[in-house]
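Asker: This is the structure I have questions about; it appears just below.
The values are calculated or read from the model by the stated rules, or taken from the named source; none is laboratory data. For clarity, every value in this text was computed on a predicted model and none was experimentally measured. Backbone-built Cβ (ideal geometry, glycine too); neighbour counts: all protein chains shown.
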Amino acid sequence: MRVSSTQYFTTVNNALQDNNAAIQYVTEQISSGYRIQKPSDDPVGSVRVSRLAREDAALTQYKDNISALSTRLSYNETTLQNMTDDMLQARDTLVWAANGSNLSADLNAMASTLVSLRDAMFFSSNTKDQEGRYLFSGTLTSTAAISYDSTAAVGSRYTFTGNTNLQNVVIGNGITQAANVHVAEMAQLLNTLDTAIAAMQSPTADPNNPATQADLTAGLDAMDTAINTFSLKIADLGDAQNLLQTLDDSHTNMSLSNKQATTLLNNLDYGEASIRLNGYTAALQATQKSYVKVNALSLFNLL
Amino acid sequence: MSFITNALSGVQAAQIALDTTSQNVSNMMTPGYTRQGAQINAVNLHGYGTISPGNGVNVPKLLRFSDSYKDLQLWQANSQLGQYTAGYDYFTQLEQVMADDSSNINGGLDNFFSALNAASVDPASTPLRHQVITAADALGKRFNTLREVLSNQQLAVHQQRTSMVTQVNSLASDIAAMNKKIVSMSTDQFTPSGVIDQRNQKIDELANLIGIQVVDQADGSRNVSLRSGQPLVAGSVASTMSAVSNVSGGQDLKLNFLNESFTLNSDNIGGKLGGLENYESNVLMPTTQSIMDMASSLATNVNAQLAAGFAMDGTPGQPLFNYDPTSGTAMLTVNTNLVAQDLGFSSSATEPGDSGNLLTLIGLKDQPVSVSSLGSVLLNDAYTQLVGRLGTDSQQNSVSLDTAQTVRKQSEDSWKATSGVNQDEEAINLMQYQQMYQANMKVISVASQLFDSVLDMLH
């Protein structure tokens, strides 16, 4: 087959350009660490990598939510614990008050203790956050949880003006967890306590008076019930925290598995890449040397 | 003494052959140069007497070593090459813009839904609500940036098309002029090889721009027509092409020959013009429409869901997104009158702390939307599928480009095998014709000596 002089030149030129282009591509891969530089390098692979990234972004957000929720639940737990401590103290006072050997002056003194405990529980129930929203009103966050009406009769001055609806937080795909707790039972407790206090504040208070005895007993029963209810609420919060921890671990594992899959799909195998780089560089050098040698061969040099 | 005239004819023939060889050597690197040779024929006897070996040698004409089938292959390979080269740069740019994780729409959607998720921890919190609006604004900006890139590409395609059409017109008129020159210069003895080479170069450049068919005419001219049959060059008459805007936002190619005008069918144009047409109709415009559909569906679905919920003051939720299909730079924007409290996260007018509607809003991520070139896909997956499609199309283009380059190279090699100059071959020819010249000159000098000895005889 006949070969023209320029044909050799163009063949070598194309070979050099191809080699240079291949070397540039390998260098780009090595410097970025990724096998796939643009979608057309591996369309199916790049779709898979993209989908893994979407899932990972969602998992990161779920984990953030879990940690914020955990903080909020801890705060709720602490506040409820404070209220329960107040209730225990009030209970002890009521037990002491029911003792028949108390004088009315003793009962008056105990009443003032109970007043401060009652007010403490009332203010705790109406705790607000930094933006002025009530924490224990259910979803009626701009309304106080417990409202006080001084014009009403003793025993019905406190009403629960929140609701028992839940604020749900997303902590997984389709998984939600309630962030709030309500204190509906507090209203009844405060009213019963109020009645007992009124009986104890009277100047002629007498623990042996059957009516007073009834009020004190009612107060004690209500206190017991409330302590149980609130302890249950605290236990529920503890369960919720455990669930959050479990989910957090699960999300971490999923995220790790996704990252491993992404690495397998998209990370550059440096060994293979450096072998490829060496191969192209060697080919480039060989082409250049052989071109110079062959190009020097010409009959015109000998004429 | 016919040997002196024989020798003279030998010297003249050697001179012509040496001229031809020197022309080949000097044009060794000229692109498109077809090598020539001298056709040397023995002159048969036509003289006196019955015993005569012949009357020397003559060169009736010069040979042109060309194969018109190889020319045709060369031009067809160039059309294929042009077709896949045209789209290559556009594909690469669009891929890199759309796949860049830090700026693409998938990242924006992730951030938007993350902000909504974060707001579910405390739906009445102003900073968390505000973050949703900020994320929505950022998402809108990403959509708008991509839309701008797409429309800039379309502008660039139109500009490139217009300038290519100008080039086609100038090449066609050059070819027509050369046809005329070649016809007037050709005789039985003389082929204007240089002008034919120049014309072939022009045809080659034309083939790169648009798909053509070439037919040789008996008078030496070449007629060039488009793949669909319309004439571009007929003898010494050239047509002109133009690019005119059409209703769907693209451009149509029109051919004007004499007083008639044809609009070209966009299917089978070939060459760079064909490549641009394929890219614009099959990739650029559908992708633009898909992005617009995604933005429109996102805006409609989010706004509708917000309207079904209630703001913190109990009024129905305000719309978050504005979608404007006519704008090139502000297709998806956030409602500027919206403040954090107006987002309709609650599902009840009386409960500001409720997050029921917010949870439904978050669920929009996995709702199907209708996107024109993909059909019904999940909102969160639509963009990934779009990029996947683009990647596949681009890969096909790259592969076809590689093949076209290989075919073009092979056809060039094949053409050069016939018509290219080999310097060693020319060096040998040089030496041989030089010897022929010197030998014939020697014969003349011997003839001269013989004549001198005849004259000496007379003294």
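Asker: Do you know which of the residues in region B:348-376 that are surrounded by 17 or more Cβ atoms within 10 Å (Cβ to Cβ) and out of contact with any Ser or Thr (no Cβ under 8 Å at 6 or more places or on another chain) is nearest to the other protein chains (Cβ to nearest Cβ)?
Answerer: B:K365
Asker: Taking region B:22-38, which residues are over 19 Å from B:L74 (Cα atoms) and not β-branched (V, I, T)?
Answerer: Filtering region B:22-38 for residues over 19 Å from B:L74 (Cα atoms) gives B:22-28, B:36-38.
B:S22, B:Q23, B:N24, B:S26, B:N27, B:M28, B:Q36, B:G37, B:A38, listed by residue number.
Asker: Say whether the condition of being out of contact with any Lys or Arg (no Cβ under 9 Å at 6 or more places or on another chain) and within 14 Å of another protein chain (Cβ to nearest Cβ) is met by at least one residue in region A:75-85.
Answerer: Scanning region A:75-85, I find at least one residue that is out of contact with any Lys or Arg (no Cβ under 9 Å at 6 or more places or on another chain) and within 14 Å of another protein chain (Cβ to nearest Cβ), so the answer is yes.
Asker: Okay, moving on. Please state which one of B:N111, B:N169, B:N144 is farther than 22 Å from B:T300 by Cα and part of a helix (DSSP H, G or I).
Answerer: Numbers: B:N111 fails: farther than 22 Å from B:T300 by Cα; B:N144 fails: farther than 22 Å from B:T300 by Cα.
Unique residue meeting the criteria: B:N169.
Asker: Let me ask something else about it. Select from region A:129-157 the residues that are of a type in the set (S, T, N, Q), touching a residue at least 12 places away in the same chain (Cβ under 8 Å) and exposed (fewer than 14 other Cβ atoms within 10 Å of the Cβ) and list them in ascending order.
Answerer: Kept after step one, since they are of a type in the set (S, T, N, Q), are these residues of region A:129-157: A:130, A:137, A:139, A:141-143, A:147, A:150-151, A:156.
Retained after the next criterion (residues that are touching a residue at least 12 places away in the same chain (Cβ under 8 Å)): A:137, A:139, A:143, A:147, A:156.
Selection gives A:S156 alone.
Asker: A further question follows. Answer yes if at least one residue in region A:265-285 is within 36 Å of the chain's Cα centre (by Cα) and without any contact (Cβ under 8 Å) to a residue 12 or more places away in the chain, and no otherwise. Even if it seems obvious, please write down each step before you answer.
Answerer: Keep residues of region A:265-285 that are within 36 Å of the chain's Cα centre (by Cα), which gives A:265-268.
Imposing the further condition that a residue be without any contact (Cβ under 8 Å) to a residue 12 or more places away in the chain reduces the set to none.
Scanning region A:265-285, I find no residue that is within 36 Å of the chain's Cα centre (by Cα) and without any contact (Cβ under 8 Å) to a residue 12 or more places away in the chain, so the answer is no.
Residues checked against (1) surrounded by 16 or more Cβ atoms within 10 Å (Cβ to Cβ); (2) of a type in the set (S, T, Y); (3) out of contact with any helix residue (DSSP H, G or I) (no Cβ under 6 Å at 6 or more places or on another chain):
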{"residue": "B:N6", "(1), (2), (3)": "yes, no, yes"}
{"residue": "B:V11", "(1), (2), (3)": "yes, no, no"}
{"residue": "B:A14", "(1), (2), (3)": "yes, no, no"}
{"residue": "B:T20", "(1), (2), (3)": "yes, yes, yes"}
{"residue": "B:Q23", "(1), (2), (3)": "yes, no, yes"}
{"residue": "B:G54", "(1), (2), (3)": "no, no, yes"}
{"residue": "B:V59", "(1), (2), (3)": "yes, no, no"}
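Asker: Is it the case that some residue within region A:288-296 is in a helix (DSSP H, G or I), hydrophobic (A, V, I, L, M, F, W, C), over 18 Å from A:D18 (Cβ atoms) and within 14 Å of another protein chain (Cβ to nearest Cβ)?
Answerer: Within region A:288-296, the first condition is being in a helix (DSSP H, G or I), and the residues that meet it are A:288-295.
If we keep only those that are hydrophobic (A, V, I, L, M, F, W, C) as well, we get A:292, A:294.
From what's left, over 18 Å from A:D18 (Cβ atoms): A:292, A:294.
From what is left, the residues that are within 14 Å of another protein chain (Cβ to nearest Cβ) are A:294.
There is at least one residue in region A:288-296 that is in a helix (DSSP H, G or I), hydrophobic (A, V, I, L, M, F, W, C), over 18 Å from A:D18 (Cβ atoms) and within 14 Å of another protein chain (Cβ to nearest Cβ).
Asker: May I pose another question? Name the residue, out of B:F113, B:F91, B:F143, B:F65, that is touching a strand residue (DSSP E or B) at 6+ places or on another chain (Cβ under 7 Å), of a type in the set (A, V, I, L, M, F, W, C) and within 30 Å of B:N380 (Cα to Cα). Before you say what the answer is, go through the steps one by one.
Answerer: On the way: B:F113 fails: touching a strand residue (DSSP E or B) at 6+ places or on another chain (Cβ under 7 Å); B:F91 fails: touching a strand residue (DSSP E or B) at 6+ places or on another chain (Cβ under 7 Å); B:F65 fails: within 30 Å of B:N380 (Cα to Cα).
Sole residue among the options that is touching a strand residue (DSSP E or B) at 6+ places or on another chain (Cβ under 7 Å), of a type in the set (A, V, I, L, M, F, W, C) and within 30 Å of B:N380 (Cα to Cα): B:F143.
Asker: Then there is this: Can you tell me which of B:A311, B:A304, B:A295 is loosely packed, with under 15 Cβ neighbours inside 10 Å and either assigned by TED's automatic domain parsing to the domain that holds B:T240 or among the small types (G, A, S) (or both)? Show your work before the answer.
Answerer: On the way: B:A311 fails: loosely packed, with under 15 Cβ neighbours inside 10 Å; B:A295 fails: loosely packed, with under 15 Cβ neighbours inside 10 Å.
Exactly one residue qualifies, and that residue is B:A304.
Asker: Determine whether region A:172-180 contains at least one residue that is of a type in the set (S, T, Y) and over 14 Å from the mean Cα position of the chain (by Cα). Steps first, please.
Answerer: Our first condition is that a residue be of a type in the set (S, T, Y); within region A:172-180, this holds for A:176.
If we keep only those that are over 14 Å from the mean Cα position of the chain (by Cα) too, we end up with none.
No, region A:172-180 contains no residue that is of a type in the set (S, T, Y) and over 14 Å from the mean Cα position of the chain (by Cα).
Asker: Which one of the conditions (1) crowded, with 16+ Cβ neighbours inside 10 Å; (2) within 22 Å of A:M87 (Cβ to Cβ); (3) within 14 Å of another protein chain (Cβ to nearest Cβ); (4) of a type in the set (K, R) does A:R118 fail to meet, given that it meets all the rest?
Answerer: (3)
Asker: What residue, of A:D92, A:D85, is surrounded by fewer than 19 Cβ atoms within 10 Å (Cβ to Cβ) and either touching a Gly at 6+ places or on another chain (Cβ under 6 Å) or closer than 30 Å to B:G353 by Cα (or both)? Walk me through it before giving the result.
Answerer: Working: A:D92 fails: either touching a Gly at 6+ places or on another chain (Cβ under 6 Å) or closer than 30 Å to B:G353 by Cα (or both).
Result of the check over A:D92, A:D85: A:D85.
Asker: Another question about this same structure. Among the residues of region B:230-256, which ones are assigned to a loop (DSSP other than H, G, I, E, B) and touching a residue at least 12 places away in the same chain (Cβ under 8 Å)?
Answerer: Pass one, region B:230-256, residues assigned to a loop (DSSP other than H, G, I, E, B): B:230, B:235-236, B:239, B:246-250.
Matches in region B:230-256: B:Q230, B:G235, B:S236, B:S239, B:S248, B:G249, B:G250.
Asker: So A:R54 clears everything in (1) assigned to a helix (DSSP H, G or I); (2) within 9 Å of chain B (Cβ to nearest Cβ); (3) in contact with a Phe, Trp or Tyr (Cβ under 9 Å, 6 or more places away or on another chain); (4) not aliphatic (A, V, I, L, M) except one condition, right? Which one?
Answerer: (3)
Asker: Does at least one position in region A:35-47 carry a residue that is farther than 22 Å from A:L277 by Cβ and more than 7 Å from chain B (Cβ to nearest Cβ)? Talk me through it step by step, then tell me what you get.
Answerer: Residues of region A:35-47 that are farther than 22 Å from A:L277 by Cβ, as a first pass: A:39, A:43-44, A:46-47.
In the following step, the residues that additionally are more than 7 Å from chain B (Cβ to nearest Cβ) were identified as A:44.
Within region A:35-47, one or more residues are farther than 22 Å from A:L277 by Cβ and more than 7 Å from chain B (Cβ to nearest Cβ).
Asker: Which of the numbered conditions does A:T78 fail, given that it passes all the others? Conditions: (1) among the β-branched types (V, I, T); (2) surrounded by fewer than 16 Cβ atoms within 10 Å (Cβ to Cβ); (3) in the same structural domain as A:I275 (by TED's automatic domain parsing).
Answerer: Checking A:T78 against (1) among the β-branched types (V, I, T); (2) surrounded by fewer than 16 Cβ atoms within 10 Å (Cβ to Cβ); (3) in the same structural domain as A:I275 (by TED's automatic domain parsing), the one that fails is (3).
Asker: Ok, one more. Regarding region A:267-280, can at least one residue be identified that is among the polar types (S, T, N, Q), part of a helix (DSSP H, G or I) and not assigned by TED's automatic domain parsing to the domain that holds A:M121?
Answerer: Pass one, region A:267-280, residues among the polar types (S, T, N, Q): A:267, A:274, A:278.
Restricting the remaining residues to those that are part of a helix (DSSP H, G or I) gives A:274, A:278.
Right, trim to not assigned by TED's automatic domain parsing to the domain that holds A:M121 and you get A:274, A:278.
So far as region A:267-280 goes, yes, one or more of its residues are among the polar types (S, T, N, Q), part of a helix (DSSP H, G or I) and not assigned by TED's automatic domain parsing to the domain that holds A:M121.
Asker: Restricting the search to region A:9-23, which residues are within 10 Å of another protein chain (Cβ to nearest Cβ) and not acidic (D, E)?
Answerer: First, the residues of region A:9-23 that are within 10 Å of another protein chain (Cβ to nearest Cβ): A:9-11, A:14, A:18.
Of everything in region A:9-23, those that are within 10 Å of another protein chain (Cβ to nearest Cβ) and not acidic (D, E) turn out to be A:F9, A:T10, A:T11, A:N14.
Quick grid of which residues meet (1) closer than 23 Å to A:D224 by Cα; (2) acidic (D, E); (3) not in a helix (DSSP H, G or I):
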position	(1), (2), (3)
A:Y75	no, no, no
A:M87	yes, no, no
A:N102	yes, no, yes
A:N108	yes, no, no
A:A111	yes, no, no
A:S116	yes, no, no
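Asker: Which of the following residues is at negative phi, assigned to a loop (DSSP other than H, G, I, E, B) and among the aromatic types (F, W, Y): B:Y88, B:Y33? Give the derivation first.
Answerer: Working: B:Y88 fails: assigned to a loop (DSSP other than H, G, I, E, B).
One residue alone meets the criteria, B:Y33.
Asker: Consider A:S32 carefully, then state whether it is modelled with pLDDT under 90 and within 14 Å of chain B (Cβ to nearest Cβ). I'd like the intermediate steps shown before the answer.
Answerer: Working: modelled with pLDDT under 90: no; within 14 Å of chain B (Cβ to nearest Cβ): yes.
Here the answer is no, as A:S32 does not meet what is asked.
Asker: I'm told B:N58 meets every condition in (1) in contact (Cβ under 8 Å) with a residue 60 or more places away in the chain; (2) of a type in the set (S, T, N, Q); (3) not assigned by TED's automatic domain parsing to the domain that holds B:G271 except one. Can you identify the failing condition by its number?
Answerer: Of everything listed in (1) in contact (Cβ under 8 Å) with a residue 60 or more places away in the chain; (2) of a type in the set (S, T, N, Q); (3) not assigned by TED's automatic domain parsing to the domain that holds B:G271, B:N58 misses just condition (1).
Asker: Another question, then. Just give me the residues in region B:394-447 being free of Cβ contacts under 8 Å to residues at least 24 places away in the same chain and either more than 42 Å from the chain's Cα centre (by Cα) or on the phi > 0 side of the Ramachandran plot (or both), in sequence order.
Answerer: B:M431, B:Q432, B:Q435, B:Q438, B:K442, B:S445, B:V446 - these are the residues of region B:394-447 that are free of Cβ contacts under 8 Å to residues at least 24 places away in the same chain and either more than 42 Å from the chain's Cα centre (by Cα) or on the phi > 0 side of the Ramachandran plot (or both).
Asker: Looking at (1) within 14 Å of chain B (Cβ to nearest Cβ); (2) more than 30 Å from B:E425 (Cβ to Cβ); (3) at pLDDT below 95, which one does A:P203 not meet, given that it meets all the others?
Answerer: Only one criterion in (1) within 14 Å of chain B (Cβ to nearest Cβ); (2) more than 30 Å from B:E425 (Cβ to Cβ); (3) at pLDDT below 95 is unmet by A:P203, namely (1).
Asker: Could you please find all residues in region B:379-399 being under 19 Å from B:A136 (Cα atoms) and either aliphatic (A, V, I, L, M) or more than 9 Å from chain A (Cβ to nearest Cβ) (or both)?
Answerer: Of everything in region B:379-399, those that are under 19 Å from B:A136 (Cα atoms) and either aliphatic (A, V, I, L, M) or more than 9 Å from chain A (Cβ to nearest Cβ) (or both) turn out to be B:L379, B:A382.
Asker: If you don't mind, another one. Please verify whether region B:59-81 includes one or more residues that are aromatic (F, W, Y) and assigned to a loop (DSSP other than H, G, I, E, B). If you could, list the steps in order and put the result at the bottom.
Answerer: If we filter region B:59-81 for residues that are aromatic (F, W, Y), which is where we start, we get B:65, B:69, B:75.
With assigned to a loop (DSSP other than H, G, I, E, B) added as a condition, the list becomes B:65.
Looking for residues that are aromatic (F, W, Y) and assigned to a loop (DSSP other than H, G, I, E, B), one finds at least one in region B:59-81, hence yes.
Asker: Those residues that are loosely packed, with under 15 Cβ neighbours inside 10 Å and free of Cβ contacts under 8 Å to residues at least 12 places away in the same chain, I need them from region A:15-31; list them, please.
Answerer: The answer is A:Q17, A:A21, A:Q24, A:E28, A:S31.
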